[in-house]
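S.K.: One structure, as C-alpha cells, below. Some questions next.
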Amino acid sequence: REKATMDSGILLHCVGADGVNGGPWMESIECQMIEGGTGDFILVGGKGKPRITATVKQMGKQWYFDPKGEPREFTGGRINWFGRDPDWKDVKGFRGKNDVERPAGEWNTLECICDGDKITHILNGVVVNAGTKASHTKGKILFQSEGAEVFFRRIELLPLKK
C-alpha cells in the first residue's frame, strides 16, 4: 500500500473459521481504522450475516452515522462515521475536512465499547459511530493490518461497570 491509505481495523465478536468471507478474516463486526475512515463499521460476512442497526442518513449511495437519523438495519457493507468526507479517496495521507483522526505519525485513542448488543466507536474522545441490535455479542477480537504498517501503543480490555 505504498500509495494507498493505511488500512487496518479491530474486528469485534469474531466467530467461525478464518477466511469464511473469501479473505483471511473471520465473520465479525469491524471497527475500521483507515485514513479518513477510522470508526466506520464494516460487517464482515461469513456463514452468518452480521447485523447491526444504526441511526443514519444517506448521502449519495453511502450511509453515514447520524444520532438524529432514522434507524436502519444493516446486514452487510459499511456504515461511515458521521464526518467521513464524501469525497474520500484511497490515497496515502488522505485528510478529510472534518477528520477527528490525528495525522499519520501521531497517536490516536480509539475505544470500541461493546455492551451487550450495543457497539460504540469513540475516536479521540468523540463518539463517531454507534449501533444497536448487533447480531454478534461475543467472540474473538482480531487486530487487522491490510498491507499497511500499524502500531498499537497500549491495548486495554476492561469490563464495563454495571
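The values are calculated or read from the model by the stated rules, or taken from the named source; none is laboratory data. All values derive from a computational prediction rather than experimental measurement. Backbone-built Cβ (ideal geometry, glycine too); neighbour counts: all protein chains shown. Each accessible area value is taken on the protein alone, full model and side chains, heavy atoms only, with ligands, DNA and RNA left out. Shrake-Rupley method; radii C 1.70, N 1.55, O 1.52, S 1.80 Å.
S.K.: Tell me, please, whether a residue that is β-branched (Val, Ile, Thr), touching a residue at least 24 places away in the same chain (Cβ under 8 Å) and touching a strand residue (DSSP E or B) at 6+ places or on another chain (Cβ under 9 Å) can be found in region 86-99.
M.R.: Filtering region 86-99 down to residues β-branched (Val, Ile, Thr) leaves 91.
Applying the additional criterion that residues be touching a residue at least 24 places away in the same chain (Cβ under 8 Å) yields 91.
Adding the requirement that they be touching a strand residue (DSSP E or B) at 6+ places or on another chain (Cβ under 9 Å) leaves none.
Within region 86-99 (the criterion being β-branched (Val, Ile, Thr), touching a residue at least 24 places away in the same chain (Cβ under 8 Å) and touching a strand residue (DSSP E or B) at 6+ places or on another chain (Cβ under 9 Å)), the answer is no, since none of the residues qualifies.
S.K.: Would you tally the residues in region 142-153 being of a type in the set (Asp, Glu) and loosely packed, with under 13 Cβ neighbours inside 10 Å? Reasoning before the result, please.
M.R.: Residues of region 142-153 of a type in the set (Asp, Glu): 146, 149.
Keeping just the survivors that are loosely packed, with under 13 Cβ neighbours inside 10 Å gives 149.
Counting residues in region 142-153 that are of a type in the set (Asp, Glu) and loosely packed, with under 13 Cβ neighbours inside 10 Å gives 1.
S.K.: For region 67-100, give me each residue that is charged (D, E, K, R) and either at positive phi or within 15 Å of the chain's Cα centre (by Cα) (or both). Give the steps one after another, and end with the answer.
M.R.: Within region 67-100, the subset charged (D, E, K, R) is 68, 70, 72-73, 78, 84-85, 87, 89-90, 92, 95, 97, 99.
Arg78, Arg84, Asp99 - these are the residues of region 67-100 that are charged (D, E, K, R) and either at positive phi or within 15 Å of the chain's Cα centre (by Cα) (or both).
S.K.: Within region 139-151, is there a residue that is out of contact with any helix residue (DSSP H, G or I) (no Cβ under 9 Å at 6 or more places or on another chain), aromatic (Phe, Trp, Tyr) and without any contact (Cβ under 8 Å) to a residue 40 or more places away in the chain? Steps first, please.
M.R.: Taking region 139-151 and keeping what is out of contact with any helix residue (DSSP H, G or I) (no Cβ under 9 Å at 6 or more places or on another chain), we get 139-151.
Going one step further and asking which of them are aromatic (Phe, Trp, Tyr), we end up with 143, 151.
From the residues that got through so far, the ones that are without any contact (Cβ under 8 Å) to a residue 40 or more places away in the chain too are 151.
Yes: region 139-151 contains one or more residues that are out of contact with any helix residue (DSSP H, G or I) (no Cβ under 9 Å at 6 or more places or on another chain), aromatic (Phe, Trp, Tyr) and without any contact (Cβ under 8 Å) to a residue 40 or more places away in the chain.
S.K.: Of the conditions (1) within 14 Å of the chain's Cα centre (by Cα); (2) farther than 19 Å from Ser28 by Cβ; (3) assigned to a loop (DSSP other than H, G, I, E, B), Ala134 clears all except one; give me its number.
M.R.: (2)
S.K.: For region 87-109, how many residues are open to solvent by less than 70 Å² (accessible area, probe 1.4 Å) and either of a type in the set (D, E, K, R) or in contact with a His (Cβ under 7 Å, 6 or more places away or on another chain) (or both)?
M.R.: Counting residues in region 87-109 that are open to solvent by less than 70 Å² (accessible area, probe 1.4 Å) and either of a type in the set (D, E, K, R) or in contact with a His (Cβ under 7 Å, 6 or more places away or on another chain) (or both) gives 2.
S.K.: Against the conditions (1) within 16 Å of the chain's Cα centre (by Cα); (2) closer than 22 Å to Asp87 by Cβ, where does Lys61 fall short? Just the number, please.
M.R.: Here Lys61 clears every test but (1).
S.K.: Kindly indicate whether any position in region 77-86 is outside any loop (DSSP other than H, G, I, E, B) and open to solvent by 70 Å² or more (accessible area, probe 1.4 Å). It would help to see each step written out before you state the result.
M.R.: Start the filter on region 77-86 by keeping residues that are outside any loop (DSSP other than H, G, I, E, B), which leaves 77-80.
If we keep only those that are open to solvent by 70 Å² or more (accessible area, probe 1.4 Å) too, we end up with 78.
Yes, there is a match, as at least one residue in region 77-86 is outside any loop (DSSP other than H, G, I, E, B) and open to solvent by 70 Å² or more (accessible area, probe 1.4 Å).
S.K.: Being open to solvent by less than 50 Å² (accessible area, probe 1.4 Å) and of a type in the set (A, V, I, L, M, F, W, C) is the filter; apply it to region 116-141 and report the residue that is nearest to Glu106 (Cα to Cα).
M.R.: Applying the filter and picking the extreme gives Leu123.
S.K.: So, Phe41, is that one more than 23 Å from Glu156 (Cβ to Cβ), in contact with an Asp or Glu (Cβ under 8 Å, 6 or more places away or on another chain) and touching a residue at least 40 places away in the same chain (Cβ under 8 Å) or not? Break it down stepwise before answering.
M.R.: Working: more than 23 Å from Glu156 (Cβ to Cβ): no; in contact with an Asp or Glu (Cβ under 8 Å, 6 or more places away or on another chain): yes; touching a residue at least 40 places away in the same chain (Cβ under 8 Å): yes.
Spelling it out, it is not the case that Phe41 is more than 23 Å from Glu156 (Cβ to Cβ), in contact with an Asp or Glu (Cβ under 8 Å, 6 or more places away or on another chain) and touching a residue at least 40 places away in the same chain (Cβ under 8 Å).
S.K.: Can you tell me how many residues in region 1-49 are open to solvent by less than 10 Å² (accessible area, probe 1.4 Å) and more than 23 Å from Ile113 (Cβ to Cβ)?
M.R.: Here the count works out to 1.
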